[in-house]
Amino acid sequence: QKNNLPAWFKGECYTHGDAVRNKFSGEEYDLTAEELSMYDFIIGSQMVMEMMPHSVTPEAIKDFQKGLDWFRRKNSKAYMVLLD
């Protein structure tokens, strides 16, 4: 179920949201199912890029940036707390 996620999104689509905590500041934000799906995609992409930079493709970088842009537009307050 993709709900309100963009057509390019190939990550896991959750059916329930949850609270996410910023590991640096400790601030927490409640995310919808779609926001949590995108958040996990962004964090997972970031981990792959950091741990295996040689395997990162231009398409992966583009999708990562599109994910950040989508999240910023959908929930700018959560973006500022969790991803900025």
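The values are calculated or read from the model by the stated rules, or taken from the named source; none is laboratory data. As the structure is a computational prediction, the values presented were derived from the model and not from experiment. The protein model used for the area step is the full one, side chains on, heavy atoms only, and it has no ligands, DNA or RNA in it. Shrake-Rupley method; radii C 1.70, N 1.55, O 1.52, S 1.80 Å.
Across Thr32, Thr57, Thr15, mean-square fluctuation computed from a Gaussian network of the chain (C-alpha pairs under 10 Å connected) peaks at Thr57.
Labels on offer are (i) 22, 13, 10; (ii) 32, 13, 10; (iii) 20, 16, 11, and the one holding semi-axes √(5λ) of the Cα gyration tensor in Å computed from this structure is (iii). Helical runs (DSSP H, four residues minimum) scored at -39500 (n - 2.57) apiece and divided by the length of the chain put the mean residue ellipticity at 222 nm at -16500 deg cm²/dmol.
The figure for Asp30 is an accessible area of roughly 110 square angstrom, using a 1.4 Å probe on the protein chains alone. Among Gly67, Gly26, Gly44, the largest mean-square fluctuation in a Gaussian network model of the chain, built with springs joining Cα atoms closer than 10 Å, belongs to Gly26.
Sequence-distant contacts, meaning Cα pairs under 8 Å at least 6 residues apart, place the relative contact order of the chain at 29 percent.
Note on the chain: with neighbouring protein chains present and a 1.4 Å probe, carbon and sulfur make up 53 percent of its accessible heavy-atom surface.
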